[in-house]
Amino acid sequence: MDGTTPAPEELLKIAVEVAREAAETACRMRADGVSGVATKSTVTDVVTAADRAVERQAVATLRAVRPGDAVLGEEYGDAEGAGPAGGSGVRWILDPIDGTVNYLYGLPHYAVSLAAEVDGEVVAGVVRNAATGDEWTAVRGRGAYRAGQRLHGSVETDLGQALVATGFGYDPARRAHQAGVLHRLIPYVRDIRRFGVASIDLCLAAEGLVDGYYEKGLNLWDHAAGGLVATEAGLRVDGLAGAAPGPDLVIAAPPALFGPLHDHLARLDAAGGP
Ligand code: LIP
């Protein structure tokens, strides 16, 4: 960060404005009827006209407000123009609609997820459930919040009593492996939840509405903002064996639960498979 990089709080302010505007567009387009549905990595991995329109709108706003920043978005990847090297050191990481399958079906559980990274570290993030208006925010070192309330995660310490959220990728072979892990994990936890929105799963864990979360195969835009929210709520957010959270595995749990959940997942080869 140099003297010209805005404070993380300032980046959060921009992120929240962009996410709210994006969420409004997603909702309006949902009300008008889902259109432009196409598939991506597999026949069940969908993208809609709204995913694309929301991303275009958010990128345009970010470009107008912060012209020197880079933007990594789910639908268009690294938007052309300033990359981190030649730019300001700030990179925005955007999932325009996380939970696209919920969006397609009209399930009120899909989110705009936007994080700001400075020199490779996520310093601010917002996740907004576009359907309900629930909004979670965090600034590195300054805590995580929803509706003005600071979040602290779950106080559960017994994995056997823990409600654990997870998700599945779109590739059938990957799903089969993930289902095998789940099959062998479920006897050791209270129960499992699958909401279909990784960014919100992380925020629910931050809020203690689930006790923990894990998933293999996430992209940065799925977990950048929600991961910061969970971390700032006091959760440990990591991969296996001290690895950073990433495509191999993201585990988020309060410190007391992290070890037991991690060890089960390691034993079950949760980061393995396709
Ligand atoms: C989806 C997630 C979901 C996860 C899927 C996928 P999309 O994102 O948030 O919870 O399990 O693997 O990444 O495709 O809706 O943006």
Which count do you get for residues in the range 192-217 that are crowded, with 23+ Cβ neighbours inside 10 Å, aliphatic (A, V, I, L, M) and part of a loop (DSSP other than H, G, I, E, B)? 2
The lone exception for Tyr170 - which of (1) without any contact (Cβ under 8 Å) to a residue 40 or more places away in the chain; (2) within 16 Å of the ligand (Cβ to nearest atom); (3) surrounded by fewer than 17 Cβ atoms within 10 Å (Cβ to Cβ) it fails: (1)
Just to be sure I understand the filter: pairs with C-beta atoms under 8 Å, separated by 6 or more residues or on different chains, first member in the range 32-54 and among the hydroxyl-bearing types (Ser, Thr, Tyr), second member within 11 Å of the ligand (Cβ to nearest atom) and part of a loop (DSSP other than H, G, I, E, B). Which pairs pass? Ser35/Thr48; Thr39/Asp45; Ser41/Tyr170; Ser41/Asp171; Thr42/Tyr170; Thr42/Asp171; Thr44/Tyr170
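Quick one: how many residues across the range 28-58 are hydrophobic (A, V, I, L, M, F, W, C), in a helix (DSSP H, G or I) and either in contact with a helix residue (DSSP H, G or I) (Cβ under 6 Å, 6 or more places away or on another chain) or within 16 Å of the ligand (Cβ to nearest atom) (or both)? Give the steps one after another, and end with the answer.
Let us first name the residues in the range 28-58 that are hydrophobic (A, V, I, L, M, F, W, C), namely 29, 31, 34, 37-38, 43, 46-47, 49-50, 53-54, 58.
After this cut, where a residue has to be in a helix (DSSP H, G or I) as well, the list is 29, 31, 49-50, 53-54, 58.
Those left that are additionally either in contact with a helix residue (DSSP H, G or I) (Cβ under 6 Å, 6 or more places away or on another chain) or within 16 Å of the ligand (Cβ to nearest atom) (or both): 29, 49-50, 53-54, 58.
Residues in the range 28-58 being hydrophobic (A, V, I, L, M, F, W, C), in a helix (DSSP H, G or I) and either in contact with a helix residue (DSSP H, G or I) (Cβ under 6 Å, 6 or more places away or on another chain) or within 16 Å of the ligand (Cβ to nearest atom) (or both): 6 in total.
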Being within 14 Å of the ligand (Cβ to nearest atom), buried (at least 24 other Cβ atoms within 10 Å of the Cβ) and in a loop (DSSP other than H, G, I, E, B) is the filter here; which residues of the range 219-233 pass it? none
Which of the following residues is out of contact with any strand residue (DSSP E or B) (no Cβ under 6 Å at 6 or more places or on another chain) and at pLDDT 95 or above: Ala224, Ala253, Ala244, Ala233? Ala244
Count of the range 174-202 residues which are among the aromatic types (Phe, Trp, Tyr) and either more than 13 Å from the ligand (Cβ to nearest atom) or in the same structural domain as Thr44 (by TED's automatic domain parsing) (or both): 1
Scope the range 1-37; condition of a type in the set (Asp, Glu) and at pLDDT 95 or above; matching residues: Glu9, Glu10, Glu17, Glu21, Glu24
Provide a single number: the residues in the range 98-136 that are β-branched (Val, Ile, Thr) and within 12 Å of the ligand (Cβ to nearest atom). 4
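The values are calculated or read from the model by the stated rules, or taken from the named source; none is laboratory data. Everything numeric here is computed off the predicted structure, so don't read it as measured data. In this analysis, Cβ positions are derived from the backbone assuming ideal geometry, glycine residues included, and neighbour counts consider all displayed protein chains.
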